[in-house]
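Read the structure below first, then the notes.
The values are calculated or read from the model by the stated rules, or taken from the named source; none is laboratory data. Just so it is clear, the structure is predicted and the values come from calculations on it, not from any experiment. Neighbour counts are summed over all protein chains in view; Cβ atoms, including those assigned to glycine, are modelled from backbone coordinates with ideal geometry. Heavy atoms of the whole protein, side chains included, go into the accessibility calculation; ligands, DNA and RNA do not. Shrake-Rupley method; radii C 1.70, N 1.55, O 1.52, S 1.80 Å.
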Amino acid sequence: MSIRTVTFDAIVVGGGGAGMRASLQMAQSGFKTALISKVFPTRSHTVSAQGGITCAIASADPNDDWRWHMYDTVKGSDYIGDQDAIEYMCSVGPQTVFELEHMGLPFSRTEEGRIYQRPFGGQSKNYGEGGQAARTCAAADRTGHALLHTLYQQNLKNGTQFYSEWYAAELVTDARGHAAGVIAICIETGEAVFFKAKATVFATGGAGRIYSSTTNALINTGDGIGMALRAGVPVQDIEMWQFHPTGIAGAGTLVTEGCRGEGGYLINKDGERFMERYAPNAKDLAGRDVVARSMMMEILDGRGCGPNGDYVYLKLDHLGEEVLHTRLPGICELSKTFAHADPVKEPIPVVPTCHYMMGGIPTNIHGQALRLDGGHQGQAQHIPGLFAVGEVACVSVHGANRLGGNSLLDLVVFGRAAGLYIEEALRQGMDQAEPNSDDMDRATARLRRWDDSRSGESVASLRKELQTTMQNAFGVFRKGDLMIDGVKKVADLRGRIGEAHLGDKSKAFNTARIEALELDNLLEVAEATAIAAEGRTESRGAHSRYDYPDRDDENWLCHSIFDPKTKQLGKRDVNFKPKTVDTFKPKVRTY
Amino acid sequence: MVTSVTTLGRNGLSDWLVQRVSAVILAVYTVVVVGWLLAQGEVSYEAWSGFMGCLAMQIANTFMIVAVGAHAWIGLWTVTTDYLTTRQIGAAATGIRLLAQLVIALLTLVYLLWGLVIIWGGV
Amino acid sequence: MKVSIYRYNPETDREPYMKEYEVDTGGKDLMVLDVLNLVKEQDDSLVYRRSCREGVCGSDGMNINGKNGLACITPLSLAAPGVLDGRKALILRPLPGLPVVRDLVVDMTMFYNQYEKVQPYLQNNTPAPAIERLQSPADREKIDGLYECILCACCSTSCPSFWWNPDKFLGPAALLQSYRFLADSRDQATDERLARMDDPFSLFRCRGIMNCVSVCPKGLNPTRAIGHIREMLLERAV
């Protein structure tokens, strides 16, 4: 297979918030940068983020301190977030958010003209002692949309070269495992091209589509994770999947935590505000994992609402029409469309729904992808040429549970950090890995395999089966025996997906081929998730097991590392050494 | 962002404004003439000729004929650039459009001059 | 229920045609996108764009029984009377006025070009403060109804003026964006922005037909924004 090669200093794969923040940084410094995105950039999933971007800019509270934000984030992560990374994110955050405002992001405003901040779950003042904080900077309930469009606009201004509707299919590595670029397909023509670059930045987002019920866009198929695993790059804490408390029942569409931040609360079928029982202090604004579990307990205990008792209600009508229409206009629209309920008059039926992948490609704060040198307990070493930012990366700032509003901050802080680092590295001279023909063959094997398929099961049916398997065995609550069964089912699916059939082999805008390639990635993510979830024998953050109901700091106060070559789970130390503040020591986590 | 030498004012705002102002002139003119006709009941040639021959109406008619000319030119020019384009009728469009615009421009000029002769020719 | 879909594959078809499908929706008031997904399970050669499936990414703009809209937030009951109960077929065509790439996918280059022409980014040359630039809630309110645009192209591709001159007339979407920056108290390029639109095509081809307003899935009003720009041009000129 001979393919055309195009050469850049750096390529970014993914046009969401992290990718576009990274490409912006590099475009501003004049390096030849390409951004490859399988959808037009403003169609990326960042656009769906609603509530806001959490950051101690001291608008709502002039005394706010990034260290308090750091404390909340460490606690929210159930203590397996890396404290050096969290320190970096929380301290650099304000500058990053101000930059976004200077770029034109239309934040909502306070009477003083400053950025409006609303309360979100897990936020506190004075290291948990000062009560609820309001730290999430918002543009109504369309913050992700506003942020993504602003970043796209700035990239236009600065001349980033976009390859929109190009699908990155495989990471190309040389014999040493150094990244040399990616093979990407022009969706419109079907042509496969080798994008060769000194730096390859994965910003491919999450993979919520491994579950059948998810708030994630249809495009969130874990392409970066799939490419990384196939290239032998490990993933970290991949068992940690956040279930957002408030997805609209049935539809799965997200209802922002900002609703509860603005004063909304959850009720069961008796009309009881049940979160008062589970989290007496923070109530509805406890960590997402806590709220999601509480909701599931209500439903499992028979206090769910609706004819089947399989959801609870989010009550907002008491906030009044004006607040709802100015602060939560998008939610009013979504609720009317997908739940047939006008929040001004009636509550919204909600249920915990897969939302965010805390795990991902392990990286340092510069976005450099890491692998463990010398086995599972080995020292982390960066992989030359490969970077990861945003949801696909595990820096790790979210640990076992991400706080609401920290995702957008993660995107822009680490997108920017990777951009800054690569800019400097390119200036000093980066090596270009040179793949040989075997390397290229390996990278294009999967394209050939689908094109050569003559018969087999359909992509749609296998995808459905995979999603159902993951939903049943690796949901909010997990059980050892069900997970062992799930791991087996996923292994079986691997065999069947390897034999599956692509019916349409045409070239022009063949989305069937893209969906087939995506299915391979879903499988990779699902397998890693299944093995890691089964392997972590404790309950921590979003990972909650019936058979191991307690947190086990003795054995599991660490990252899990899934090695794709051996399919074994290893461990990696959590960083407890922030540079400018004292370590936040693990405590019992209550809200 | 788009330059166009064949437009009247070579500028979108002036065209737009001329179109509106000429429309107002024509509307007022129509009201005056129709009002006069209604007030007359039965109209004789002498009455009509006298009415049109007075200085006020000569001025009004001048405004009217210029407004018709400007309004027609801008409107028809717009029509040619909407429909007589390569996108609509193929490669020959530019020649056809130019020809159509020339014919429209000439006709407009002829009517304008002829109208002025009629209005002021009797003096 | 019956679904009739515009099909065209440049590799195999000399010209486009409508293809009929029979889909079992179980009588549910599904979204049009759900129906498309069911059709794709039958026939994986059917091509359409989709991403967020909740009406915020703007991928799946298409012509649904004669009216442009987003497939993911248009329920069958609102697609056209009679579609939900099967009396009438659901008819899906690509957005009109743009070249068709394949099936329901159109080439949006011209649409994006017009967007880029309005310099859709904040321009402010004063040194940025250490914190954010201040903006009063009243000033911020002026860009409500403008910044929410999702670039789905439903408006521009329903506009006859855009059909006739998609290379010269900016179209409702780009003009809405232009006004989003003109109305932003933080933007300083007002004069330059206005000067760039003061020709007979860019803005003035708007005839006030208001198709854009009637189809906008986000309920925005480009015609009003265009009117505001015209007022600003007038104010600047007289």
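Could you pull out the residue among B:ALA60, B:ALA67, B:ALA72, B:ALA100 that is in contact with a Phe, Trp or Tyr (Cβ under 7 Å, 6 or more places away or on another chain), more than 14 Å from chain C (Cβ to nearest Cβ) and either open to solvent by less than 60 Å² (accessible area, probe 1.4 Å) or closer than 30 Å to B:TRP36 by Cβ (or both)?
On the way: B:ALA67 fails: in contact with a Phe, Trp or Tyr (Cβ under 7 Å, 6 or more places away or on another chain); B:ALA72 fails: in contact with a Phe, Trp or Tyr (Cβ under 7 Å, 6 or more places away or on another chain); B:ALA100 fails: in contact with a Phe, Trp or Tyr (Cβ under 7 Å, 6 or more places away or on another chain).
After applying the criteria, what remains is B:ALA60.
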| request: For A:ALA134, state whether it is hydrophobic (A, V, I, L, M, F, W, C), at pLDDT 95 or above and either in a loop (DSSP other than H, G, I, E, B) or in contact with a strand residue (DSSP E or B) (Cβ under 6 Å, 6 or more places away or on another chain) (or both). | output: yes
| So which residues in the range A:459-468 are open to solvent by less than 60 Å² (accessible area, probe 1.4 Å) and either at pLDDT below 95 or within 14 Å of another protein chain (Cβ to nearest Cβ) (or both)? | A:VAL459, A:ALA460, A:SER461, A:LEU462, A:ARG463, A:GLN467
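Would you point out which residue out of A:SER59, A:SER124, A:SER91 is closer than 27 Å to A:ILE365 by Cβ and within 12 Å of chain C (Cβ to nearest Cβ)?
Among A:SER59, A:SER124, A:SER91, only A:SER59 is closer than 27 Å to A:ILE365 by Cβ and within 12 Å of chain C (Cβ to nearest Cβ).
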| query | Within the range C:98-109, can you find the residues that are in contact (Cβ under 8 Å) with a residue 12 or more places away in the chain, in contact with a helix residue (DSSP H, G or I) (Cβ under 9 Å, 6 or more places away or on another chain) and surrounded by fewer than 21 Cβ atoms within 10 Å (Cβ to Cβ)? | reply | C:LEU98
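Working carefully through the options A:ILE53, A:ILE80, A:ILE36, A:ILE86, find the one that is more than 22 Å from A:ASN406 (Cβ to Cβ), under 19 Å from the mean Cα position of the chain (by Cα) and away from chain C (no Cβ under 11 Å).
Being more than 22 Å from A:ASN406 (Cβ to Cβ), under 19 Å from the mean Cα position of the chain (by Cα) and away from chain C (no Cβ under 11 Å) holds for just one of A:ILE53, A:ILE80, A:ILE36, A:ILE86, which is A:ILE36.
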| Checklist (1) open to solvent by 10 Å² or more (accessible area, probe 1.4 Å); (2) at negative phi applied to A:LYS567, failing item | (2)
| message | With the requirement that a residue be hydrophobic (A, V, I, L, M, F, W, C), open to solvent by 10 Å² or more (accessible area, probe 1.4 Å) and more than 26 Å from A:PRO234 (Cβ to Cβ), what does the range A:477-507 give you? | response | A:PHE477
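Could we say that A:ALA179 is open to solvent by less than 10 Å² (accessible area, probe 1.4 Å), away from every other protein chain (no Cβ under 14 Å) and more than 22 Å from the chain's Cα centre (by Cα) here?
Working: open to solvent by less than 10 Å² (accessible area, probe 1.4 Å): yes; away from every other protein chain (no Cβ under 14 Å): yes; more than 22 Å from the chain's Cα centre (by Cα): yes.
So A:ALA179 fits the description; yes.
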| note | B:VAL18: passes all of (1) within 14 Å of another protein chain (Cβ to nearest Cβ); (2) hydrophobic (A, V, I, L, M, F, W, C); (3) free of Cβ contacts under 8 Å to residues at least 24 places away in the same chain but (3)
| message | Based on this model, can you work out whether A:GLY190 counts as within 14 Å of chain C (Cβ to nearest Cβ), more than 24 Å from A:THR529 (Cα to Cα) and in a loop (DSSP other than H, G, I, E, B)? | response | yes
| When A:VAL74 is evaluated against the numbered criteria (1) within 13 Å of another protein chain (Cβ to nearest Cβ); (2) more than 16 Å from the chain's Cα centre (by Cα); (3) open to solvent by less than 30 Å² (accessible area, probe 1.4 Å), which criterion, by number, is the only one it fails? | (1)
| request: Report yes if some residue within the range A:443-452 is open to solvent by 20 Å² or more (accessible area, probe 1.4 Å), in contact with a strand residue (DSSP E or B) (Cβ under 7 Å, 6 or more places away or on another chain) and more than 30 Å from A:ARG540 (Cα to Cα); otherwise report no. | output: yes
| query | So which of C:PRO120, C:PRO127 is within 18 Å of the chain's Cα centre (by Cα) and in the same structural domain as C:ARG205 (by TED's automatic domain parsing)? | reply | C:PRO120
| message | Looking only at the range A:332-356, how many residues end up being aliphatic (A, V, I, L, M) and within 11 Å of another protein chain (Cβ to nearest Cβ)? | response | 1
| said: Being over 20 Å from C:GLU116 (Cβ atoms) and among the β-branched types (Val, Ile, Thr) is the filter here; which residues of the range A:131-163 pass it? | reply: A:THR136, A:THR143
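Regarding the range C:137-155, can at least one residue be identified that is closer than 30 Å to C:ASP29 by Cα, within 12 Å of the chain's Cα centre (by Cα) and more than 11 Å from chain A (Cβ to nearest Cβ)?
yes
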| field | Hits in the range A:215-224 (condition: in contact (Cβ under 8 Å) with a residue 40 or more places away in the chain and within 14 Å of chain C (Cβ to nearest Cβ)) | value | A:THR215, A:ASN216, A:ALA217, A:ILE219, A:ASN220, A:THR221, A:ASP223
| message | For the list (1) closer than 25 Å to A:SER44 by Cβ; (2) within 14 Å of chain A (Cβ to nearest Cβ), I need the number of the one condition that C:LYS28 fails. | response | (1)
| task | Restrict the check to the range C:61-79 and report whether at least one residue is out of contact with any Cys (no Cβ under 7 Å at 6 or more places or on another chain), surrounded by 22 or more Cβ atoms within 10 Å (Cβ to Cβ), at pLDDT below 95 and not in a helix (DSSP H, G or I). | result | no
| Any pair with Cβ under 6 angstrom, 6 or more apart, that starts in the range C:121-135 at a residue that is facing chain A (nearest Cβ under 7 Å) and in contact (Cβ under 8 Å) with a residue 40 or more places away in the chain and ends at one that is open to solvent by less than 40 Å² (accessible area, probe 1.4 Å) and acidic (Asp, Glu) | C:LEU122/C:ASP187
| request: Quick one: which residue in A:THR5, A:THR33 is of a type in the set (Val, Ile, Thr), open to solvent by less than 20 Å² (accessible area, probe 1.4 Å), out of contact with any Cys (no Cβ under 7 Å at 6 or more places or on another chain) and in contact (Cβ under 8 Å) with a residue 24 or more places away in the chain? | output: A:THR33
| said: One residue is enough: does the range A:58-69 have a residue meeting the conditions surrounded by fewer than 24 Cβ atoms within 10 Å (Cβ to Cβ), at pLDDT 95 or above and within 13 Å of A:ASN406 (Cβ to Cβ)? | reply: yes
| task | State whether the residues of the range C:132-145 include one that is touching a Cys at 6+ places or on another chain (Cβ under 9 Å) and farther than 30 Å from A:ALA56 by Cβ. | result | no
| request: Consider A:THR204 carefully, then state whether it is open to solvent by 10 Å² or more (accessible area, probe 1.4 Å), in a loop (DSSP other than H, G, I, E, B) and closer than 24 Å to A:LEU411 by Cβ. | output: yes
| note | Within the range C:1-59, residues being open to solvent by 30 Å² or more (accessible area, probe 1.4 Å), among the acidic types (Asp, Glu) and assigned to a loop (DSSP other than H, G, I, E, B) number 6
